[in-house]
Amino acid sequence: MDFKTATDILGVPAARLAEEFGLEPQTIRQMRMAPEARGYRTPPANWQAVVLRLARERGAELHALAETLERVMR
């Protein structure tokens, strides 16, 4: 899986990803471009670990939301 696909699925804004990587949002947007595109930047070597952590956090947030909605709907 590449950086763009993983971050598309994650659904986190570029600004949040930039914060996590210590980069500017524009740099994240460039990393999400097709590799042959002018202006493309290679994602950091550790991107998978960061996206994995964010996915687990996001999963926990969504799980908590689902539980809250289930309680409200009862």
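Cβ neighbours within 10 Å, averaged per peptide: list 24-33, 45-54 in order, most packed at the top.
24-33, 45-54
Working from the Cα coordinates of the chain, the gyration tensor eigenvalues give, after taking √(5λ), semi-axes of 30, 11, 11 Å in decreasing order.
Considering helices alone, the calculated mean residue ellipticity of the chain at 222 nm is -21000 deg cm²/dmol, with DSSP H runs of length four and up weighted by -39500 (n - 2.57) and normalised per residue. Here the contact order of the chain, divided by its residue count and restricted to Cα pairs under 8 Å and six or more residues apart, works out to 27 percent. Counting protein heavy atoms only, the chain has 56 percent of its accessible area on carbon and sulfur, 1.4 angstrom probe. Within 15 Å, Cβ to Cβ, of residue 8, how many net charges do the neighbouring residues add up to if Lys/Arg are +1 and Asp/Glu are -1? Result for the neighbourhood of residue 8: +4.
The values are calculated or read from the model by the stated rules, or taken from the named source; none is laboratory data. These numbers were taken from a predicted model, which means no experiment stands behind them. Ideal geometry is used to build each Cβ from the backbone, glycine not excepted, and the neighbour counts take in all protein chains shown. Ligands, DNA and RNA are stripped out before the accessible areas are found, and what is left, the full protein with its side chains, is counted by its heavy atoms. Shrake-Rupley method; radii C 1.70, N 1.55, O 1.52, S 1.80 Å.
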